[in-house]
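Structure, as structure tokens:
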Amino acid sequence: MAPENSKGQYPPSDEYRETAFIKSAEEFNTLYEESIRDPAAYWAEQAENLDWYSKDWKEVFTWDKKENRFTWFKGGKLNASYNCLDRHVKNGKKNVAAIIFQGENDDHVRVYTYGRLLYEVERFANVLKSMGVKKGDRVSVYLPMIPELTITMLACARIGAVHSVVFAAFGAESLYNRVVDCTPKVIVTSDGNYHAGKTINMKAKVDEILEKGTTIEHVVVVRRTGIETDMKEGRDVWWHEEVAAVPLNCDPVPMDAEDPLFILYTSGTTGKPKGLLHTTGGYLLGAYTSFRNVFNYRPGQIFWCTADIGWITGHTSTVYGPLALGATALMFEGVPTYPGRDRYWQVAEKWGVDIFYTAPTAIRTIRQSGDEWVKKHDLSSLKMLASAGEPIDPDVWRWYHRVIGGGRCPISDTWWQTETGGPMIAPMTGAFDLKPGSAMKPLLGIQAAIYDEEKNICAPGESGNLYIESPPPSFARTIWNDHKKFVETYWTAFPGHYLTGDNARMDEDGDYWLLGRIDDVISVAGHRLGAAEIEAALISHPAVAEAAAVPMFDDIKGEAIYAYVTVKDGFNGTEELKRQLVDHVRTTVGPIATPKVIHFAPGLPKTRSGKIMRRILRKVAEGCRKEEIGDTTTLTDPGIVDTLIATRML
Ligand code: WTA
């Protein structure tokens, strides 16, 4: 057992250190100093790890700070699917597993070697071509965690189409908002999906949005569950029939490094989700480099990231990172608690998983079930653990280390965002004495800093706003259709510095501790949800006059949704209405947005300019007393605060 040292830190074992990409803090420090002295030189050197058709970039990095536009390797040509498939096939990995698919049903297993995956991608790329999809066209993807999802993404990349994956558990309204924004020609979906023993109809949701009117001309449907499915003649086709009817070969299209690879939506502070645009060269290089540096992946190992591909963690850590490196990634369709609370451990044991990457919320759920569920399984294949999506509390970290990792597996707490494309802050597990709860240091080539409101660097121990100092290759270039919003959201608070929207502090050793969001984004089980999206859903119910959603503490999900609702005249805040509102949010936004509390309030605290004072609503939801609420004198009706406290629903 690698013991905790006298400072409560966890040094790697010598055995692990030997296998690591970076083996000591000194080695890291030297490489880091070098990498940030000249980031362009560092990234240009890393770019040698990808296969390029041409490296004719005039400049490695350009940054127009006035327009907030930046480029990496512009003029260089490559193809992401070539880098994830063909080059491995050519380099002796044709028969090495690329994806191991484990379905929710334990018997549903498919293993794709690099050779087979390439074959499937080429065929599906030809299907897209046959539908008239060309370079630059968008393709929406609304699929559960099945191999066709990865195949679709890589098929798009192969022909230069831009994929936009929408999380399969999003409801019709959320799907619609994401689809109308990026105007796709084609959507790829499935008849249904399996979720915790239930079969959910997905195609019906697609039909619902198509009725409202979209740019979609073709719907490709994967037969996953076999449920009855309405297929509209001339518009809807079955995946298996289409792939059988096209030629087998499809050459990859050389793309400029700055050509778009995908759009992925994330919730922001307004109701409209933001479509972050990622580009081919920079994103892929970031995915490759962070995957190699963070996970110390060795050939033959099995890497499992439990995140759904509908989120950035799945894009980078199940698809592009592992495949760019030629690794073997497990893709899991199910949930951690079905059919039993040991499902993750049963799967990890079954496949001999080496590296396991999940979110703190999953660890908290599993911990709550008790250690015996874990102990039923032999987890000795595990070498390393990792976490992403929200702060991991030290206690949960220690449990993860001791019970899941058997006291021998280091944990990398990786901090990143949809916007950053790949991990930015994460410990080098072979080099550092790990601190439970700290993401520790920025990765090679990444510069971070914490500033206070006056833009002074925070002293150690002081918390402030986390910024990334200059955009590394993997950063999103813009928000699709809305560069103005991109500038306002990230580059205006402190021009020339990227505002992450997270609070953080640094300790005396220069290690980072993440403290959560500073804006109106609620992180439910590590999934980013905009307060505004939930409010919009509530307000769309006929009984609701006004609504405000704020985070509340939840010991499993980290944060849960506390919603204040004022009803229209003629309606009453009954238990029945509460149930209706919860159902309404579940169907419009999706089950992840289920409010934990609905608090019927006669009014909301507002400033004289009519702005809802969320700060106060958060405090009331947290259970603060009147004296802890702070200044309420700017409110039009300060008395409302007493009413809210008196009627607080817990
Ligand atoms: C939070 C997920 C603390 C953070 C990769 C960030 C984290 C948001 C961590 C991005 C971490 C992510 N520690 N907080 N290790 N990783 N976050 O876009 O608030 O889905 O801004 O990307 O998750 O969420 P997103």
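Ignoring lysines fewer than eight residues from K66 along the same chain, the ones with Cα atoms less than 28 angstrom from its Cα are K55, K58, K74, K77, K272, K274, K455, K484, K485.
Working note: Karplus 6.51/-1.76/1.60 with θ = phi - 60° gives the range 128-135 the couplings 4, 4, 5, 8, x, 6, 10, 3 Hz, where Gly and Pro are set to x. Sorting the Cα pairs of the range 535-650 by distance into bins of 10 Å, from 0 upward, gives 14, 46, 33, 7 percent per bin. What shape does the range 291-374 take by its C-alpha gyration tensor, where a ≥ b ≥ c are the square roots of the eigenvalues and a/c under 1.5 counts as rounded, a/b above b/c as prolate, and the rest as oblate? Here the range 291-374 falls in the prolate category.
Amide H to amide H, with H built 1.01 Å from N, V96 comes under 5 Å of Y114, G115, counting only residues 5 or more places away or on other chains. Applying D = kT/(6 pi eta Rh) to the range 150-287, where Rh is the Kirkwood radius over alpha-carbon pairs, T corresponds to 25 °C and eta to 0.890 mPa s, the Stokes-Einstein value obtained is 150 µm²/s. The 3J(HN,Hα) values that the Karplus relation (6.51, -1.76, 1.60; θ = phi - 60°) gives for the range 59-71 are, in residue order, 10, 5, 9, 10, 9, 8, 6, 6, 8, 6, 10, 9, 9 Hz. Gly and Pro appear as x. Within a straight-line Cα-Cα reach of under 16 Å, K205 can be paired with the following lysines, leaving aside sequence neighbours fewer than 8 residues apart in one chain: K232. Along its principal axes, the range 16-119 has C-alpha extents of 54, 37, 29 angstrom, given from the largest down. The phi-based Karplus calculation (6.51 cos²θ - 1.76 cosθ + 1.60; θ = phi - 60°) puts the 3J(HN,Hα) values of the range 145-152 at 6, 10, x, 4, 5, 5, 4, 4 Hz, whole numbers, x for Gly and Pro. Each 10 Å bin from zero holds the following percent of Cα-Cα pairs in the chain: 3, 16, 27, 28, 19, 7, 1, 0. Counting only aspartates and glutamates at least 8 places from K198 when in the same chain, those with an alpha carbon closer than 12 Å to its own are E104.
Computed over the range 233-310, the percent of Cα pairs more than 22 Å apart is 59. Can you give the translational diffusion coefficient of the range 503-552 in µm²/s, computed by Stokes-Einstein from the Kirkwood radius over Cα pairs at 4 °C and 1.567 mPa s? Result for D is 100 µm²/s.
Rounded, prolate or oblate: pick one for the range 140-195, where a ≥ b ≥ c are the square roots of the eigenvalues of its C-alpha gyration tensor, a/c under 1.5 means rounded, and failing that, prolate if a/b is larger than b/c, else oblate. Oblate shape, in that a/c is at least 1.5 and b/c is the bigger or equal ratio. Between Y297, Y42, P339, the Cα set farthest toward the positive side of the dipole of the chain (charges on each charged residue's Cβ, about the Cα centre) is that of P339.
Accessible surface comparison of K23, K66, K376, K58, probe 1.4 Å, protein chains only, largest first: the order is K58, K66, K376, K23.
Its relative contact order, with pairs defined as Cα atoms under 8 Å and 6+ residues apart, puts the range 1-130 at 12 percent.
Figure note: E462, E453 ranked by solvent-accessible area, largest first, 1.4 Å probe, ligands and nucleic acids not counted: E453, E462. Regarding the range 353-456, what's the average projected area of the Cα-atom convex hull, expressed in nm²? Approximately 8.0 nm², given one-decimal rounding.
For the chain, the relative contact order is 13 percent, taking Cα pairs closer than 8 Å that sit 6 or more residues apart in sequence and dividing their mean separation by the residue count. For a test of the definition: using alpha carbon positions, the gyration tensor, and the 1.5 limit on a/c, classify the range 90-190 as rounded, prolate or oblate. Taking the square roots of the gyration eigenvalues as a ≥ b ≥ c, the range 90-190 is oblate.
At a probe radius of 1.4 angstrom, the accessible area of the range 186-336 per residue rounds to 32 square angstrom. The mean sequence separation of alpha-carbon pairs under 8 Å and at least six residues apart, normalised by the residue count of the range 182-310, gives a relative contact order of 17 percent.
The distance linking the range 298-352 with the range 524-563 is 29 Å (Cα centroid to Cα centroid, whole angstrom). Got a sec? Charge dipole of the range 491-650, +1 on Cβ for Lys and Arg, -1 for Asp and Glu; which of N572, P605, I592 is way out at the positive end? So the residue we want is N572. In the chain, helices alone account for a calculated mean residue ellipticity at 222 nm of -8000 deg cm²/dmol, with every DSSP H run of four or more residues adding -39,500 (n - 2.57). If only the Cβ of Lys and Arg carry +1 and only the Cβ of Asp and Glu carry -1, the dipole of the range 459-537 around its Cα centre is close to 400 debye. Accessible surface of V589, taken over heavy atoms with a 1.4 Å probe and every protein chain present, rounds to 10 Å².
Taking other residues whose beta carbon is less than 12 angstrom from the beta carbon of P471, and scoring Lys, Arg as +1 and Asp, Glu as -1, yields 0. The P(r) of the range 428-577 has a tail past 23 Å containing 53 percent of all C-alpha pairs.
Of H497, H195, the residue with the largest accessible area leads and the full order is H195, H497 (1.4 Å probe).
The values are calculated or read from the model by the stated rules, or taken from the named source; none is laboratory data. All values derive from a computational prediction rather than experimental measurement. All Cβ positions, even for glycine, are placed from backbone atoms using ideal geometry, and neighbour counts span all protein chains on display. Ligands, DNA and RNA are stripped out before the accessible areas are found, and what is left, the full protein with its side chains, is counted by its heavy atoms. Shrake-Rupley method; radii C 1.70, N 1.55, O 1.52, S 1.80 Å.
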